[in-house]
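Engineer: Once you've had a glance at the structure underneath, I'll fire off some questions.
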Amino acid sequence: SDLQDHNINVYPAEGLPIEDGLQAINSLLSYDKSKPIDLVNKPRLFFSDQVGNTLFCCMNYKIDDGLKGVCKDPPDCLRYVAIGNYSYLEDSELRITESGGY
């Protein structure tokens with residue numbers, strides 16, 4: 001069955017080189033290490049301590065392993081998010097409007 005049959009919209013990822021996505025992840029993780037972390041100087045990407053597999057894969061990912069690399073999938077997902085134009089929406093922002101959209 002198709003995902004759209006279950007009201008799940010799927011869109012293709014940006015067709016950018018892998019290196020661009022990895023750089024985008026690194027940019028989200030960066031901050032000025034010579035200064036204390038505060039509201040301005042902080043990474044924009046954080047990991048929960050509950051995502052051990054994702055952390056393991058990110059630390060052991062090798063681009064040279066290619067499409068069959070065992071640590072490929074979590075970094076791929078992070079790359080897609082890092083290069084995509086996504087933003088967080090509060091539940092209150094997902095209300096039905098008069099036009100019938102969200």
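The values are calculated or read from the model by the stated rules, or taken from the named source; none is laboratory data. Every value quoted in this text rests on a predicted model; they were computed, and no experiment measured them. FYI the Cβ positions are ideal-geometry reconstructions off the backbone, even for glycines, and counts take in every protein chain you see. All accessible areas refer to the heavy atoms of the entire protein, side chains included, with ligands and DNA or RNA removed. Shrake-Rupley method; radii C 1.70, N 1.55, O 1.52, S 1.80 Å.
Engineer: On a full-extension model of 0.36 nm per residue, what is the gain between Val81 and Leu29, subtracting their alpha-carbon distance, rounded to one decimal in nm?
Structural biologist: Extra length from Val81 to Leu29 when fully extended: 17.4 nm.
Engineer: Compute the accessible area per residue over the chain, keeping the other protein chains in place, probe 1.4 Å, unit Å².
Structural biologist: Heavy-atom SASA per residue in the chain reads 86 Å².
Engineer: In addition: Please give the contour-minus-distance gain from Leu3 to Ser48: 0.36 nm per residue of separation, less the Cα-Cα distance, rounded to one decimal in nm.
Structural biologist: Full-extension gain reported as 13.4 nm.
Engineer: Something else: On average, how much area does the Cα convex hull of the chain cover when viewed from any direction, in nm²?
Structural biologist: Seen from a random direction, the Cα hull of the chain projects 10.4 nm² on average.
Engineer: Which one, Phe47, Leu22, Pro36, projects farthest toward the positive side of the charge dipole computed for the range 1-53 from Cβ point charges (K/R +1, D/E -1)?
Structural biologist: Pro36
Engineer: What does the charge dipole of the range 6-92 about its Cα centre add up to, to the nearest 20 debye, if the Cβ of each Lys and Arg holds +1 and the Cβ of each Asp and Glu holds -1?
Structural biologist: The calculated dipole for the range 6-92 is roughly 220 debye.
Engineer: So, one more: Tally Lys/Arg at +1 and Asp/Glu at -1 over every other residue whose Cβ is under 12 Å from the Cβ of Asn41; what's the total?
Structural biologist: Computed value for this residue: +2.
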